[in-house]
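The values are calculated or read from the model by the stated rules, or taken from the named source; none is laboratory data. Predicted model, so just to flag it, every value in this text is computed and none were measured. Because the Cβ atoms are built from the backbone with ideal geometry, glycine has one as well, and the counts that use them run over all protein chains shown. Remember, those area values only see protein heavy atoms, side chains included, never the ligands or the DNA or RNA. Shrake-Rupley method; radii C 1.70, N 1.55, O 1.52, S 1.80 Å.
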Amino acid sequence: MSDTHCPYCALQCAMRLRASADGVVVEARDFPTNRGGLCQKGWTSADLLRHPDRLTTPLVRHGETLRSATWAEALDRVVNGIGAIQERHGRDAVAVFGGGGLTNEKAYALGRFARVALRTRTIDYNGRFCMSSAAAAGNRAFGLDRGLPFPVEDIAAADAVLLVGANPAETMPPFVRHLGGDGLIVVDPRRTATARLGALHLQPTPGTDLALANGLLHIAITEGHVDRGYVDARTNGFDEVRAAVAQWWPARVERLTGVPVADLYAAVERLAGARRAMVLTARGAEQHAKGTDTVTAFVNLALALGLPGRPGSGYGCLTGQGNGQGGREHGQKADQLPGYRRIDDPAARAHVAKVWGVAPEDIPGPGPSAYELLSSDAVRALLVFGSNPAISAPRAAGVRRWLGDLDLLVVADFVLSETAALADVVLPTAQWAEEDGTMTNLEGRVIRRRRLSEPPEGVRTDLAVLAELSGRLGAPTSDDPRRVFDELRRASAGGVADYAGITYERIDAEGGVFWPCPDESHPGTPRLFLDRFATPDGRARFVPVEHRPAAEEPDADFPLYLTTGRVLTQYQSGAQTRRITALPGDPYVELHPDLAARIGIDDGASVTVATRRGSTTAPARVSATIRADTVFMPFHYGGANLLTNPALDPISRMPEFKVCAAKVTPA
Ligand code: SF4
């Protein structure tokens, strides 16, 4: 038996696993985030442990085919390939790509492996595609990025919640237990299952959320809802933002966003009239070429209403991937070192270099962001852990070609994902129920992943693979999660995400510990910003931001908006959930009945969606839940990201997954 947490999303629902003759039985455990609930994905998560697709031997490429190999042969091929490529093309020609589902220990070990064993600056991870815009906006406004700077229970106690670009009723269903319908305002171009729960649904044109937020702030100012005492005492820069939003009068916002003026006023009245209120954003606000500024616009609104740092109120980002929070704190991100330190900060480099036993100048500098890495001519080898970019990257056909053209592609995974199928070497790795470690959930609560059983024969943990490769490359490390975590604690000490006082024993005894936690007598920090923000002067920063059109707007050739997202039964690239027969799901194109009539198709008919990057065909799902100028596709199945636009946010380097120009025709 093991008490652990779900392998999928950032809610990290608590579960108990029991081994039985028929397999592994999953039971829900009560925990503050899931209150005893699990979704379909969690209930079926053990089905992959004995799945026939499970890889139990390394694979190496011979021409067009992958064949079984010993670990020695596979690792020789990896190490020899890395050596030859670095000698010929330089150290940075070997790249590493991680994932937001990796444990804290693995994320830390991967960053160390890249910087110390490979001495490459070329490392980033799929979290860049997930919540990097909210991270950039949070750092800009508050001096610190923790998805929810308060426990999730605070949301349940709020009288009003503005939920922007999130569909937790499908992506993390138990979270809905924390949302009271009466005070819930949902911003989404689709009338999602979550929007149907709310008292008010604002359905803006894709790509106009920033203007919507500026318009809401304009109304808050003109209607006298700004908390002047809070603004004066705890923030800087309000006057510049007030000047910037002055031009966003309600009628103009309605014209641009399509949201009726009355609904704009109603949303502000509900938020401003609540004793406790929350503004929460997610991928819908973030996955834009102006995602950082869009999130900033909602942070500005929250600051003007006096919410962040007020008990029971606040601003937060709903992180998506299982370790989306911890995954961005420990050094697998292109611009960071452990402890959420900047890699270009001399003091941070000196601290981490001491823990790693290297000279500060030997730690490489910042590298390219995820999409730039996955399309770089300078990269000749790539090692992938915990990610499937062949499905999840934008302009995926180009990324697949790029992966196929590499001199060496190594993928560590437990099934032959679409990325692994392109690899030169595939290393079979353990699943969540076969390893120990820690995860940091969407609240910044560090929790334990506990092993139920050993991995199947022939399978190794990611930490064991990294330790073996590091050793062969002359930089030995441990494969023991507890020892890796202890090193992580030392590396993070004094950083923003300080784990120094968090131990496995404390997590076991307390059920989880919130960072920052600088020493073992510190209680952890469930609520941030109560007295001061993490900026040098302790005050939050208003930042004026301006609406600009999406990188690609509809035109005569591509007259519709395409937006993408997730569905209830699937998780991320679907490499895991698509293999579980109890989780039904197929690609589809959601479109409005007016659009269906215009192009002459019925529900279920096959349609082709095309953009300037490619086309894909799927059955139509005709529904009035979507705007008539927009089509939606879930991205789990490989087709949607053939179409998406890799235009990048200039600050977060987030691709514009949420909006591009498309056309739909009968197939
Ligand atoms: Fe909970 Fe998310 Fe797992 Fe569903 S997928 S059981 S919401 S952690």
Original post:
Looking at the range 187-202, is at least one residue more than 30 Å from residue 570 (Cβ to Cβ), more than 16 Å from the ligand (Cβ to nearest atom) and not in a loop (DSSP other than H, G, I, E, B)?
Top reply: no
Subject >> Pairs, first under 19 Å from residue 576 (Cα atoms) in the range 7-22, second in a strand (DSSP E or B) and open to solvent by 50 Å² or more (accessible area, probe 1.4 Å), C-beta under 9 Å, six or more apart >> reply: 15/27; 17/25; 17/27
Subject >> Filtered residue count, the range 216-230, keeping only those that are within 21 Å of residue 532 (Cβ to Cβ) and either modelled with pLDDT under 95 or not in a loop (DSSP other than H, G, I, E, B) (or both) >> reply: 3
Original post:
Are any residues in the range 588-598 touching a Leu at 6+ places or on another chain (Cβ under 9 Å) and open to solvent by 40 Å² or more (accessible area, probe 1.4 Å), and if so, which ones?
Top reply: none
Original post:
Among (1) touching an Asp or Glu at 6+ places or on another chain (Cβ under 7 Å); (2) exposed (fewer than 14 other Cβ atoms within 10 Å of the Cβ), which single condition is residue 75 missing?
Top reply: (2)
Subject >> Selected residue [farther than 18 Å from residue 305 by Cβ and in a helix (DSSP H, G or I)] from 213, 262, 233 >> reply: 262
**OP:** Can you run down the residue pairs with Cβ atoms below 8 Å, 6 or more apart or on separate chains, where the first is in the range 200-227 and farther than 22 Å from residue 289 by Cβ and open to solvent by 10 Å² or more (accessible area, probe 1.4 Å) and the partner is in a loop (DSSP other than H, G, I, E, B) and charged (D, E, K, R)?
**Re:** 201/188; 201/191
Original post:
Would you say residue 49 is more than 15 Å from the ligand (Cβ to nearest atom), hydrophobic (A, V, I, L, M, F, W, C) and closer than 21 Å to residue 581 by Cα?
Top reply: yes
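A quick yes/no check of all residues on (1) open to solvent by 50 Å² or more (accessible area, probe 1.4 Å); (2) without any contact (Cβ under 8 Å) to a residue 40 or more places away in the chain; (3) over 30 Å from residue 55 (Cα atoms):
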position: 352; (1), (2), (3): no, no, yes
position: 361; (1), (2), (3): yes, yes, yes
position: 371; (1), (2), (3): no, no, no
position: 391; (1), (2), (3): no, no, no
position: 394; (1), (2), (3): no, no, no
position: 409; (1), (2), (3): no, yes, no
position: 412; (1), (2), (3): no, no, no
position: 416; (1), (2), (3): yes, no, no
Original post:
Under the condition of being among the acidic types (Asp, Glu) and in contact with a Lys or Arg (Cβ under 7 Å, 6 or more places away or on another chain), which residue from the range 137-186 is nearest to the ligand (Cβ to nearest atom)?
Top reply: 170
Original post:
Does residue 455 satisfy the criteria of being within 15 Å of residue 107 (Cβ to Cβ), in contact with a helix residue (DSSP H, G or I) (Cβ under 7 Å, 6 or more places away or on another chain) and open to solvent by 10 Å² or more (accessible area, probe 1.4 Å)?
Top reply: no
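Scan the range 135-144 for residues that are in contact with a helix residue (DSSP H, G or I) (Cβ under 7 Å, 6 or more places away or on another chain) and open to solvent by 10 Å² or more (accessible area, probe 1.4 Å) and report the count.
So the first thing to find is which residues in the range 135-144 are in contact with a helix residue (DSSP H, G or I) (Cβ under 7 Å, 6 or more places away or on another chain), and the list is 135-137, 140-141, 144.
Narrowing further to those that are open to solvent by 10 Å² or more (accessible area, probe 1.4 Å): 136, 140, 144.
Of the residues in the range 135-144, 3 are in contact with a helix residue (DSSP H, G or I) (Cβ under 7 Å, 6 or more places away or on another chain) and open to solvent by 10 Å² or more (accessible area, probe 1.4 Å).
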Original post:
What is the number of the single condition among (1) buried (at least 19 other Cβ atoms within 10 Å of the Cβ); (2) more than 21 Å from residue 101 (Cβ to Cβ); (3) polar (S, T, N, Q) that residue 492 does not meet?
Top reply: (2)
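Mind listing whichever residues of the range 145-165 are small (Gly, Ala, Ser), open to solvent by less than 10 Å² (accessible area, probe 1.4 Å) and farther than 17 Å from residue 440 by Cα?
Filtering the range 145-165 for residues small (Gly, Ala, Ser) gives 147, 156-158, 160, 165.
So of that shortlist, the ones also open to solvent by less than 10 Å² (accessible area, probe 1.4 Å) come out as 147, 160.
Within the range 145-165, just 160 meets the criteria.
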